[in-house]
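Notes for the one structure printed next.
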Amino acid sequence: MGMTMTQKILAAHAGLDYVEAGQLIEADLDMVLANDITGPVAIHEVEKLNKKDVFDKDKIALVPDHFAPNKDIKSAEHCKCVREYAKAQGITNYFEVGQMGIEHALLPEKGLVVAGDTCIGADSHTCTYGALGAFSTGVGSTDMGAGMITGKAWFKVPSAIRFVLTGTMKPWVSGKDLILHIIGMIGVDGALYRSMEFVGEGVASLSMDDRFTVANMAIEAGAKNGIFPVDELTVAYMKEHSTKPYRIFEADEDAVYDETYTIDLSELEPTVSFPHLPENTRTVKESGEVRIDQVVIGSCTNGRISDMRAAAKVLEGRKVKDGVRAIVIPATQAVYLQAMEEGLLKIFIESGCIVSTPTCGPCLGGHMGILAAGERAVSTTNRNFVGRMGHVESEVYIASPAVAAASAVTGKISEPAELGL
């Protein structure tokens, strides 16, 4: 019986020739990640133990991105805790304000995770790095803390679902629409503790940013991880961003999958997730007249340069509708700088948007765009649970940057085609 891509990576890091679904293993870690919310919890737990030194100063990443720049005294204390621990431990990959970005956009950009790696992070969207052909998954702060000092983690080997992608997406359809379509199809627990493996000739038509978006939201289907095969595009991305050696693992031909779905990318339409679960999806054409108060374009899901370009293309020469607040958040300083050099920030500001420093702020109801009771937002983030972006009586509609930008112009859920694009 063969192994899936994920199972092969886990077997290699556990020093085993073979693993199977349901097996408990201890695997070596190549990267351990935390932010300013989850990091302090892990640090305080680690400090209670006898072994106080991290296992490898180069394999820890601490990124204060959620409430940074500090939004209040409590967040300042959290960031201070992470900052001081990084300094005391000599951690190489600590990113202060000015260098930091939203963690799941920053680590691939910095080349800290590559194909074949195992990565855990005290943040559920750590599964983003599966776009690079790595096994990456979110864990609790205690597990993350243990990983920091041991370099190891326990896993139950996941079974897998295979998604065979065919065809090519139409204009204004993106990886966000693909993953929303999938979550709408299988549900928020449709891949519970399983690996979502994306294969097929359609993968080649997806940009790296599309793949990051898809892998990022695997957790919204309950998955342990999402993962893509390593192709020429992946290798080119890694060569541009990293000097780390990488390992390519491929699923065996006789690998076992719980289910297989075939998705024709050419049939996908701009899609929106309605409140209050990511599985509550409709195409924009099916959405009806949904008036909005706010638009957020950014996050670890859709804050990369291609997302900025898509939004700017829609907004260029147009104005944000009166009564709508439009907030654009480039995911990293590098994205911010490139957007500035390409003139995208000028387009955003002239259209009536504000542009923020990199932060997770509004995505988790932290700062930079909290909703009041009765308000609605179209957001390129990844979750729309009750109270996710503010008041429990507010509503979040998840969409792509193109749909979010079009909605900012019309003041209601819209797609670019409604603007003649």
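The values are calculated or read from the model by the stated rules, or taken from the named source; none is laboratory data. The structure presented is a predicted model; accordingly, all values stated were derived computationally and were not measured. Please note: Cβ atoms are built from the backbone with ideal geometry, for glycine as well, and neighbour counts cover all protein chains shown. In case anyone asks, the SASA skips ligands and DNA or RNA and just uses the protein heavy atoms, side chains included. Shrake-Rupley method; radii C 1.70, N 1.55, O 1.52, S 1.80 Å.
Structure values in brief
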| item | result |
| --- | --- |
| Qualifying GluC sites (Glu not before Pro) in the stretch 385-421, DSSP loop, other Cβ atoms within 10 Å at most 13 | GLU393 |
| Share of pairwise Cα separations in the chain, more than 35 Å, in percent | 23 percent |
| For the stretch 72-139 and the stretch 215-236, distance of Cα centres in Å | 18 Å |
| Whichever lysines have a C-alpha closer than 27 Å to that of LYS346, once near sequence neighbours (fewer than 8 apart) are set aside | LYS71, LYS110, LYS176, LYS313, LYS319, LYS321, LYS412 |
| Distance from the stretch 299-337 to the stretch 380-421 (C-alpha centre basis), Å | 13 Å |
| Qualifying GluC sites (Glu not before Pro) in the stretch 1-70, DSSP loop, other Cβ atoms within 10 Å at most 10 | GLU47 |
| Alpha-carbon gyration tensor eigenvalues x 5, square-rooted, for the stretch 266-408, Å | 22, 17, 14 |
| Semi-axis lengths, Å, the stretch 172-299, gyration tensor of Cα atoms, sqrt of 5 times eigenvalues | 28, 18, 14 |
| LYS224, LYS152, reordered so the largest accessible area comes first (probe 1.4 Å) | LYS152, LYS224 |
| Where trypsin sites (Lys or Arg not before Pro) fall in DSSP loop in the stretch 1-99, at most 14 other Cβ within 10 Å | LYS48, LYS51, LYS52, LYS57 |
| TYR257 accessible area, assembled protein chains, probe 1.4 Å, Å² | 40 Å² |
| Rg(Cα) / (2.2 N^0.38 Å) computed for the stretch 168-212, rounded to two decimals | 1.22 |
| Share of pairwise Cα separations in the stretch 3-67, more than 21 Å, in percent | 44 percent |
| Förster radius 22 Å - calculated FRET efficiency between THR92 and LYS52, Cβ distance, rounded to 0.05 | 0.80 |
